[in-house]
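Undergrad: Quick one: structure below, then a few questions.
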Amino acid sequence: MRMNIFKQEFSMHVQSVIAWSVAVAAVLLVYLSLFSSMAQDAALLNEMMTKFPKELLMAFGLNGVNLATVLGYFSFAFFFVQLCLAIQAANYGFSLVSVEEREWTADFLLPKPVGRTQILTSKFLAALGGLTITNIVVWISSFGLINVFKGDATYDPQPLVLIMLGIVVFQLFFLTVGLVISLLVKRVRSVLPYSMGLAFGMYVLSVFGDMLGDNVLEKITPFKHFDPSYVIQNGTYDLPLVLISVVVIVISLVGSYVLYTRRDIPSVV
């Protein structure tokens, strides 16, 4: 029964997974294909960046980044990929349980001979499976396109591997936070406003944290926890910030199970 729930939930994500995977691959293709032409004017590009307002550079994660290098340019492109990944994961999190209430299918699912814990686990694993496929596409696209368009430039693959490994926790943050929020509100009538709000809200906190020099704000958002420019410049994660993401994921996941098992889910009757 649990496997049937997993298969059904995963099949519901297939079209979405394909769309998001194509989207992130297209973003990387568009930006990385421009690297060779931009690298030819490296000196002019870096000089031009010094004339931009510091706040603008921070908003796009370009503060202290050398766009003339492969990884420096990749960190700029990866910012847009992170936004896509955040929206996708948040979208899955908000819809994981709310879809049953919104489409009045709880009457069909809940009477089955399987507990709510098993139902939520199957749904969660199905969503995580979809995110993993997108994650794999990002890995393949990133390494493949960098090597296609880097020309004669060289780069250290270790920071790139670290950036890719951080995607899993980054996705889980938005997936679990979206899930627990959907269980805290009375009813999610439309998933998109919530997922967009969560993703862009976390991004805005990251930007304002940089602009204001506020360390409190950067502790909240995974966009700072997994800042690609930081990883590239330091060759490692900011571990205290990464641990904050892990703690939020654990608390959100445990809270989701508690809330779901106790939730009064409305029926058609």
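What follows draws every value from the coordinates through simple rules; no lab data is involved. All figures in this text were calculated on a predicted structure; none of them were measured in a lab. FYI the Cβ positions are ideal-geometry reconstructions off the backbone, even for glycines, and counts take in every protein chain you see.
Undergrad: State whether the stretch 125-170 is rounded, prolate or oblate according to the following rule on the C-alpha gyration tensor (a ≥ b ≥ c being the square roots of its eigenvalues): a/c under 1.5 gives rounded; otherwise a/b larger than b/c gives prolate, and the remaining case gives oblate. Walk me through the numbers on the way to the answer.
TA: Working: a/c = 5.53, a/b = 2.07, b/c = 2.67.
Because a/c hits 1.5 or more and a/b fails to exceed b/c, the stretch 125-170 counts as oblate.
Undergrad: Could the peptides 227-233, 79-85 be put in order, highest first, of the mean number of other beta-carbon atoms found within 10 Å of their residues? Each step should come with its number before you reach the end.
TA: Working: 227-233: 22.6, 79-85: 20.7.
So the peptides 227-233, 79-85, ranked by packing, come out 227-233, 79-85.
Undergrad: Taking Cα centroids, how far is the stretch 117-133 from the stretch 16-40 in Å?
TA: The distance from the Cα centre of the stretch 117-133 to that of the stretch 16-40 comes to 28 Å.
Undergrad: Moving on. What list of ³J(HN,Hα) couplings, whole Hz, do you get for the stretch 86-91 from phi and the Karplus terms 6.51, -1.76, 1.60, once you set θ to phi - 60° and write x for glycine and proline?
TA: Whole-Hz 3J(HN,Hα) from phi for the stretch 86-91: 5, 5, 4, 5, 5, 4.
Undergrad: Shifting gears a bit: Restricting attention to the stretch 127-221, which trypsin sites (Lys or Arg not before Pro) occupy a DSSP loop and are surrounded by at most 12 other Cβ atoms within 10 Å?
TA: Passing both the DSSP loop test and the Cβ count: Lys186, Arg187, Arg189.
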